[in-house]
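The values are calculated or read from the model by the stated rules, or taken from the named source; none is laboratory data. Everything numeric here is computed off the predicted structure, so don't read it as measured data. A quick note on method: Cβ atoms are made from the backbone with ideal geometry, for glycine too, and the neighbour counts reach across all protein chains shown.
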Amino acid sequence: MLTCRLTSATRFQIIFAAASDTVESHWDTVEFPDGPAGLETAGLDGKVGKLRSKSRTTPVPLTTVDTLVHDLKLPKVDILIIDAEGADPAVLQGAEKTLNSVRYMMFETHRWQTGTHWEKTTILHVLRRLNGYGFECYWAGNNGKLYSITSCYTEEFEESHWGNIVCVKRQDVWFSIMESADPNSR
């Protein structure tokens, strides 16, 4: 996970860390894969700390989104983008407090990868949790369209191999914009 924090009008801070659902202490580190850009099979497995890839590794702090937001003293998070190569459900679980302020988020599903959090977490389970925070979620198509999966869930979604899901708070101004991109919107 790479986090950028705006610290002034002209600079931002880069934080190298691996995000998960729980952390034992502020001193936890994990060997994180240091593979080439675009490698979709490198990452931490469902048991944080074990690698799914034979890439070189670099020790990085292990944290949660909530801990990062707290430590950085961020008053809110408008946009949350998660690309955790299969650990997305764990990262979301570690963002319970932060999700209250998030307006828009994106994450990936990797239901095809064994040894990831997606192997033991359904899309429906994640959608139900996010619905409790007031999110409407959509498949992000490669055709510029969004397709609601909160309103139109089907079990076939669990069979999908890879996809991007974008979510927006229903009371947010962005909701009507997202709905206008869904050809099936109400």
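Could you check how many residues of the range 154-169 are surrounded by fewer than 16 Cβ atoms within 10 Å (Cβ to Cβ) and without any contact (Cβ under 8 Å) to a residue 40 or more places away in the chain?
The qualifying residues number 3.
Just wondering, is there one or more residues in the range 101-119 that are among the small types (Gly, Ala, Ser) and surrounded by fewer than 21 Cβ atoms within 10 Å (Cβ to Cβ)? First the steps, then the outcome.
Taking the range 101-119 as the starting set, the residues that turn out to be among the small types (Gly, Ala, Ser) are 101, 115.
Filter once more, so that each one left must be surrounded by fewer than 21 Cβ atoms within 10 Å (Cβ to Cβ): 101, 115.
Checking the range 101-119: at least one residue is among the small types (Gly, Ala, Ser) and surrounded by fewer than 21 Cβ atoms within 10 Å (Cβ to Cβ).
Within the range 118-140, can one find any residue that is more than 22 Å from ASP78 (Cα to Cα), over 21 Å from the mean Cα position of the chain (by Cα), of a type in the set (Lys, Arg) and part of a loop (DSSP other than H, G, I, E, B)? Steps first, answer last, please.
Taking the range 118-140 first, the residues more than 22 Å from ASP78 (Cα to Cα) are 118-125.
In the following step, the residues that additionally are over 21 Å from the mean Cα position of the chain (by Cα) were identified as none.
Scanning the range 118-140, I find no residue that is more than 22 Å from ASP78 (Cα to Cα), over 21 Å from the mean Cα position of the chain (by Cα), of a type in the set (Lys, Arg) and part of a loop (DSSP other than H, G, I, E, B), so the answer is no.
Would you confirm whether any residue within the range 88-101 is small (Gly, Ala, Ser), closer than 21 Å to PHE135 by Cα and either touching a His at 6+ places or on another chain (Cβ under 8 Å) or assigned to a strand (DSSP E or B) (or both)? Reasoning before the result, please.
Step one: of the range 88-101, the residues small (Gly, Ala, Ser) are 90, 94-95, 101.
Subsequent filtering for residues that are closer than 21 Å to PHE135 by Cα retains 90, 94-95, 101.
This time we only want the ones that are either touching a His at 6+ places or on another chain (Cβ under 8 Å) or assigned to a strand (DSSP E or B) (or both), so: 90.
Checked the range 88-101: at least one residue is small (Gly, Ala, Ser), closer than 21 Å to PHE135 by Cα and either touching a His at 6+ places or on another chain (Cβ under 8 Å) or assigned to a strand (DSSP E or B) (or both).
Residues to consider are GLY94, GLY115; find the one that is closer than 15 Å to ALA19 by Cβ and out of contact with any Leu (no Cβ under 7 Å at 6 or more places or on another chain).
Numbers: GLY115 fails: closer than 15 Å to ALA19 by Cβ.
Criteria check complete, one pass: GLY94.
When only residues in the range 74-87 that are within 8 Å of the chain's Cα centre (by Cα) and not in a loop (DSSP other than H, G, I, E, B) count, which is nearest to MET106 (Cα to Cα)?
Applying the filter and picking the extreme gives ILE81.
Could you tell me which residue of the range 108-145 is farthest from TRP162 (Cα to Cα), considering only residues that are in contact (Cβ under 8 Å) with a residue 60 or more places away in the chain and either in contact with an Asp or Glu (Cβ under 6 Å, 6 or more places away or on another chain) or among the β-branched types (Val, Ile, Thr) (or both)?
GLY115
Can you go through GLY141, GLY86, GLY134 and tell me which one is surrounded by fewer than 17 Cβ atoms within 10 Å (Cβ to Cβ) and on the phi > 0 side of the Ramachandran plot? Lay out the reasoning, then the answer.
Working: GLY141 fails: on the phi > 0 side of the Ramachandran plot; GLY86 fails: surrounded by fewer than 17 Cβ atoms within 10 Å (Cβ to Cβ).
None of the others qualify; the one that does is GLY134.
Which number in (1) at pLDDT 55 or above; (2) of a type outside the set (Val, Ile, Thr); (3) surrounded by 11 or more Cβ atoms within 10 Å (Cβ to Cβ); (4) closer than 20 Å to HIS117 by Cβ marks the one condition that GLY46 misses?
Of everything listed in (1) at pLDDT 55 or above; (2) of a type outside the set (Val, Ile, Thr); (3) surrounded by 11 or more Cβ atoms within 10 Å (Cβ to Cβ); (4) closer than 20 Å to HIS117 by Cβ, GLY46 misses just condition (1).
Pull up the range 143-166, narrow it to residues that are outside any helix (DSSP H, G or I), among the aromatic types (Phe, Trp, Tyr) and within 19 Å of the chain's Cα centre (by Cα), then point me to the one that is modelled with the lowest pLDDT. Quick ask: steps written out before the conclusion?
Our first condition is that a residue be outside any helix (DSSP H, G or I); within the range 143-166, this holds for 143-154, 160-166.
Those still in the list that are among the aromatic types (Phe, Trp, Tyr) too: 147, 153, 162.
From what's left, within 19 Å of the chain's Cα centre (by Cα): 147, 162.
Numbers: TYR147: 88, TRP162: 78.
Top of the filtered list is TRP162.
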